[in-house]
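Taking it in order: structure first as structure tokens, then the write-up.
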Amino acid sequence: MLASLFKFRGGVKPASHKDESTRAPIVRAPLPARLVVPLRQSAGGTPLPLVKAGQKVLKGERIGAPEGSFSAAIHAPTSGTVLSIEHRMLPHPSGLSAPCVVIEPDGEERWIERVPANYAAESPDALRDLLRDSGIVGLGGATFPSHLKLKPGASGRIGNLIVNGAECEPWITCDDLLMRERAGDIVRGIAILRHIASAERVLIGIEDNKPQAIAAMRAATARSEGIEVVPVPTRYPAGGEKQLIRVLTGIEIPYGRIGPEFGVQCFNVGTAWSVHRAVELGEPLVSRIVTLTGNVERPGNFEVLIGTPIDDLLALVGPKGDTDRYVMGGPMMGFTLPRTDLPVTKAANCILAASPALFPPPGQEMPCIRCGACTRACPAELQPHELYWFSRAKNFGKAQEYHIFDCIECGCCAYVCPSNIRLVDYYRFAKTSMRALEREKNASDAARLRFEFRNFRTEREQKEKAERLAAKTAAARQAIAGGEKPAAAAPSPAAAEQTPALPHLDEAKKALIAAAVERARAQKEGVQPKNTDNLAPEKQAEIREIEARRAKVREIAKTPPEEPV
Ligand code: SF4
Ligand code: SF4
């Protein structure tokens, strides 16, 4: 059955510049002196390092364990020695650094034991785990872990599998060359993805400016039931995931929703190739195809080990003297690299050398004239000039109301803007600010919750302490009333509350205290000699006489006085 095509709105037709890098076959890049393998190379968590400095590793050995289910493993790209695990800058628009495993290759390329799997005999769950542990992520640039994209949505299955060979961004040709040269392996990978997703139909979308890739893929799928190669019109951004799904199936995936909810999912041809290698060859993802093009002497496509320094690759193609910057990705959606000693990651599909002649600097930014060209070019059906005003005024609420998060940052609006407004920069600024505000809000919500919980815990501890004290007092009272020593263990707070008050407690206490005082006095008297005990007998007789006289006086004092006559 021939697939009918649907249209997506907007888009532009920039010069493709594909010929420059498609004149030669894919070349394997030489082993570098050092490999710097970032542990974080996909959406989701950062894998935990599994190796230490000084440790020997084999090619394909796991060096980073996926953190939870929302990440993929990281592997040694070659055999050698781990020199260190340290923070290094990543080739990412943020310019941030992250933990990397630095490996010194031994030059032997000794693999781990590679265990191929018969995918037809494996369950979808087991294959998803295998993909996660083999480090398979989307090689179209988004690097989303593939095993997560293969989970069935609400419908329980993914009926339509879309394979993205459109490669619409100018200058980039890594997918084109891969399809021309390794179509059979890509189709094997597609069969595995289809098996996991239980997909009925597979549509491979390729822009019609790649006739050789279309022919190769058609030949490779000639005997495959339910797989169709569909040439799509060359118009940027036909290779955007949502745009390609729309063109091939007519299904619109709204922002914040995912393909499986609509029974469809999209994978890049490079991803399908790496799935075949992981499952049928037992080789985890340790290399990818990178286009090196632009202002260079020998543009081309290279199979590159992940972690290879970009400087080493540039030496292969000879940048021209007037090169003034390097872009990772294409001219529409790529970003300028801050340095070139950064490593190749799984997201690196293209390194583009730029020069003022090849990419003239954009003209002076002028005021928006509300011409509407940006709105007509927007494939996400947004109103870019409105988004520009709201982003510029930091009116983030309004920008959100106008669906700024639906913007795929394709750059079509900026490409057509006659006022040279760097529209995408404004959207990125607004989105980053909103995400930062959201993070701050989440952090302050978390701090408030922590504060409230601490108050609750303090109150609870004080209440429990008061109850224990009350129980102890009640036990002491009971013991005093019964003439027993108070029990060491406190009765339950409930029992303490039920203990009746003892009316004669004060008398009992007083009696106990008086008895204790008397015992102390008697003890004291028993040990201390009286000061008359050691006197001479005549002195003692004198004292006895004095005491007798005093006694007589006391007796007389007790006698009532006689009445006067
Ligand atoms: S294309 Fe540029 S000038 Fe025209 S409306 Fe959009 S932002 Fe304004
Ligand atoms: S960058 Fe965003 S606003 Fe501009 S055309 Fe693309 S999707 Fe539309």
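The values are calculated or read from the model by the stated rules, or taken from the named source; none is laboratory data. Note that this is a predicted model, so its numbers are computed, not measured. For neighbour counting, all protein chains shown are included, and Cβ atoms are generated from backbone atoms with ideal geometry for every residue, glycine included. Just the protein is used for accessible areas: all its heavy atoms, side chains included, with ligands, DNA and RNA removed. Shrake-Rupley method; radii C 1.70, N 1.55, O 1.52, S 1.80 Å.
Checking each residue in the stretch 415-430 for being more than 12 Å from ligand 2 (Cβ to nearest atom) and assigned to a helix (DSSP H, G or I) picks out only PHE429. Comparison of LEU244, LEU305 shows that the only residue that is closer than 21 Å to LYS18 by Cβ and among the aliphatic types (A, V, I, L, M) is LEU244. Residues in the stretch 390-430 that are away from ligand 1 (no atom under 13 Å from the Cβ) and over 25 Å from the mean Cα position of the chain (by Cα): ALA393, LYS394, ASN395, GLY397, LYS398, ALA399, GLU401, TYR402. The residues of the stretch 72-107 that are under 24 Å from GLY329 (Cβ atoms), at pLDDT 90 or above and either assigned to a loop (DSSP other than H, G, I, E, B) or of a type in the set (Asp, Glu) (or both), listed by number, are ALA72, PRO77, LEU90, PRO91. In the stretch 327-370, what residues are within 33 Å of the chain's Cα centre (by Cα), more than 16 Å from ligand 2 (Cβ to nearest atom) and open to solvent by 40 Å² or more (accessible area, probe 1.4 Å)? Residues satisfying the conditions are THR336, PRO338, ARG339, ASP341.
Scanning the stretch 400-414 for residues that are within 6 Å of ligand 2 (Cβ to nearest atom) and either assigned to a loop (DSSP other than H, G, I, E, B) or open to solvent by 30 Å² or more (accessible area, probe 1.4 Å) (or both) returns CYS407, ILE408, GLU409, CYS410, GLY411. Scanning the stretch 1-47 for residues that are within 24 Å of the chain's Cα centre (by Cα) and open to solvent by 70 Å² or more (accessible area, probe 1.4 Å) yields a single hit, ARG40. The set of residues in the stretch 371-399 being over 27 Å from ILE251 (Cα atoms) and either in contact with a strand residue (DSSP E or B) (Cβ under 7 Å, 6 or more places away or on another chain) or surrounded by fewer than 18 Cβ atoms within 10 Å (Cβ to Cβ) (or both) consists of CYS371, TRP389, ARG392, ALA393, LYS394, ASN395, PHE396, GLY397, LYS398.
Looking across the stretch 113-160, the residues that are part of a helix (DSSP H, G or I), surrounded by fewer than 17 Cβ atoms within 10 Å (Cβ to Cβ) and small (Gly, Ala, Ser) come down to ALA120, ALA121, ALA126. Of everything listed in (1) open to solvent by 20 Å² or more (accessible area, probe 1.4 Å); (2) of a type outside the set (A, V, I, L, M, F, W, C); (3) assigned to a loop (DSSP other than H, G, I, E, B), the single unmet condition for GLY184 is (3).
In the stretch 372-396, the residues that are among the aliphatic types (A, V, I, L, M) and assigned to a loop (DSSP other than H, G, I, E, B) never reach a residue that is near ligand 1 (Cβ under 9 Å from one of its atoms) and open to solvent by less than 30 Å² (accessible area, probe 1.4 Å) with C-beta atoms less than 6 angstrom apart, at least six apart or across chains. Scanning the stretch 397-439 for residues that are touching a residue at least 60 places away in the same chain (Cβ under 8 Å) and farther than 25 Å from GLU167 by Cα gives a single hit, HIS403.
Only one of the numbered conditions (1) within 16 Å of ligand 2 (Cβ to nearest atom); (2) over 34 Å from the mean Cα position of the chain (by Cα) is violated by GLU381, and that is (2).
If the condition is being within 30 Å of ILE112 (Cα to Cα) and open to solvent by 10 Å² or more (accessible area, probe 1.4 Å), then the stretch 290-308 contributes PHE302, GLU303, LEU305.
Taking each residue of the stretch 43-72 that is in contact (Cβ under 8 Å) with a residue 60 or more places away in the chain and looking for partners that are of a type in the set (Asp, Glu) with beta-carbon atoms closer than 7 Å, six or more apart or interchain, yields LYS59/GLU109; GLY60/GLU283.
Counting residues that are in contact with a helix residue (DSSP H, G or I) (Cβ under 6 Å, 6 or more places away or on another chain), which strands (runs of 3 or more DSSP E) fully inside the stretch 227-323 reach at least 3? Qualifying strands (runs of 3 or more DSSP E): 227-232, 264-268, 287-294.
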